[in-house]
Amino acid sequence: MRPDAKVQKVYLYPKPVDFRKSINGLAALVELDIKVEVFNPVLFVFLKRLGSGLAIAAVAGLCLGVAAGTLPLFGAPLSPLLTVLSMVPPLAILPMLFIVFGLGELSKVMLIVIGITPILARDLEQRAREIPRELLIKAQTLGANTWTLILRLVLPQLLPRLLISLRLVLGSAWLFLIAAEAIASTDGLGYRIFLVRRYMAMDVILPYVAWITLLAWAMDFSLRRLTQLLFPWYEGAKA
Amino acid sequence: MSDRKSAAVAGGSIAQLEHDAPISRSAGDARPFIQVRNVWQQYGDQVVLERLNLKIAEGEFCTLVGASGCGKSTFLRLLLGQEAPSRGEILLDGQPLADEPDASRGVVFQRYSVFPHLTVLDNVALGLELPRAPLLGRLLGRRKRDAREQAAQMLHKVGLGHALDKYPAQLSGGMQQRLAIAQALVMKPRVLLLDEPFGALDPGIRKDMHKLLLELWRETRLTVFMVTHDLSEGFTLGSRILVFDKPRIDPHAPGAYGARVTYDIPLHEGRHAPGASAGLPTALADSFRTAYQGA
């Protein structure tokens, strides 16, 4: 990269640019390059990847969290295992994912699932343990068995918390998605960002970043409204 | 192992002889409803309860009083089946207690007695749904309507008929405890256990709750155990008052001896008539004061 061995430091210094011009210009350039329109629906595949990754992670996290948090039989082996698994950096095993799940959609979804499920599971496990013992005993005196106890007491109390946790891990989910798309993909937002990165075109990247931020904020907002709508009794949803 | 067990049994029968004589009040009963036989409870080295022997007839209202840390709540947990005694046994109607809480014993705690995610009506209907739907945990169609109707009747009885669709967080503390009582009573339990149920309520509301509880008790003739810190509450409500205290204290090993029932006082039901005062006998009041200072 260095132009001359004598040069100690290299500064990259783009001049002030008009965002509007360069967006249009680079959009045209990119259109030529990848032969896809800028607002083509193909560009929204990332939403499908993100959505399915989050959905799978939510279901898996909920099941694991409930099992580890309420049933000592499962909790004893599961809880330490989850702790260790959540420490594995998902991006470091990305090549393995590509080998196991191929270069297609599955490996990208799986990266999100593997990255997020342990976080969700551990959070929900903790919340399940925080349910006051009195409530569990009260449910037993009302004739609940272990299964109906989970069904009518633990699950309904954890569902709003699941939505809150999803809001918190949205950022990581985006990170994993963009990383996966940047490495092995021909579509999606992450791919586009890494494409224009070659041109050092911050004036295109920044609008993309703004666009991602807007999308993420919209998802966060709708998750919050959903929590308020579905669980009016939940105090944590008020803020 | 078996030696120790037989020693404990032998010790138990002696203890029963020396302990039963002065306090037994239902000796005439052929078979007491609840029988506590030489119950000890200890956690590690800490003995909490020792040599507890009681016979309780059906329909008694026992109030448990005593200083903090004297095992009142531990005894309630034993009755509930939340814990098993380290030694001895508790018989309910001649049968050993089930070792898990179940529908035969209702309970109201000071806090966290109602489910925050259910409306007032569903909180009570839950008790009717759970035993009848072991798979789904909920009833459907006509049976669900019946359960809700029955729950609504119970709620009207405790004075919550106007708040059926509210969530517990929208209710005051007193109303939440009314709900908890309705929830316990709709199961038609044989024993009702109350762990300082009115401890967090202000005095005016507490009086209303006393009235409600006495009404319900007279109507259902339940056997009630109530832990309270408030002596006058214990005397006003109970038909029998059990005082927990530690008769022996070793200052070098505070955990070596546990608490026992030091006073077991039958009270007349006539006191519940309006205007009757619930005065504390002077001698007893004195001994309480020393007990509290000692603790």
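No value in this document is a laboratory result; all are computed from the given coordinates. Since this is a predicted model, take the numbers as computed values, not measurements. Neighbour counts are summed over all protein chains in view; Cβ atoms, including those assigned to glycine, are modelled from backbone coordinates with ideal geometry.
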Mind checking the mean number of beta-carbon atoms from other chains within 10 Å of the Cβ atoms in B:89-95?
-> 0
Equivalent ellipsoid dimensions for segment B:206-256 as semi-axes, Å, which come from the Cα gyration tensor, largest first | 32, 12, 8
Which whole-number percent of Cα pairs in segment B:115-173 have a distance greater than 15 Å?
-> 47
Provide the packing ranking of B:114-126, A:55-67, i.e. peptides ordered by the mean count of other C-beta atoms within 10 Å per residue, highest first.
-> B:114-126, A:55-67
Quick one: if you stick a label point 7 Å off each Cα along the C-beta vector at B:Lys188 and B:Lys166, how many nm between them?
-> 3.0
Contact order normalised by residue count of segment A:19-237, Cα under 8 Å, 6+ apart, percent = 26
Just the projected area, averaged over all directions, of the convex hull on the alpha carbon atoms of segment A:101-205: how many nm²?
-> 8.8
Once the Cα gyration tensor of segment A:19-237 is found, what semi-axes does its equivalent ellipsoid get, as square roots of 5 times the eigenvalues, in whole Å, sorted largest first?
-> 41, 20, 12
Calculate the spin-label point distance for A:Thr186 paired with A:Ser172, positioning each point 7 Å from the Cα along the beta-carbon direction, and give it in nanometres.
-> 3.3
Among the listed pairs A:Lys15/A:Lys48; A:Lys138/B:Lys157; A:Lys138/B:Lys166; B:Lys55/B:Lys166; A:Lys138/B:Lys55; A:Lys48/B:Lys166, which are separated by more than 31 Å between their Cα atoms?
-> A:Lys15/A:Lys48; B:Lys55/B:Lys166; A:Lys48/B:Lys166
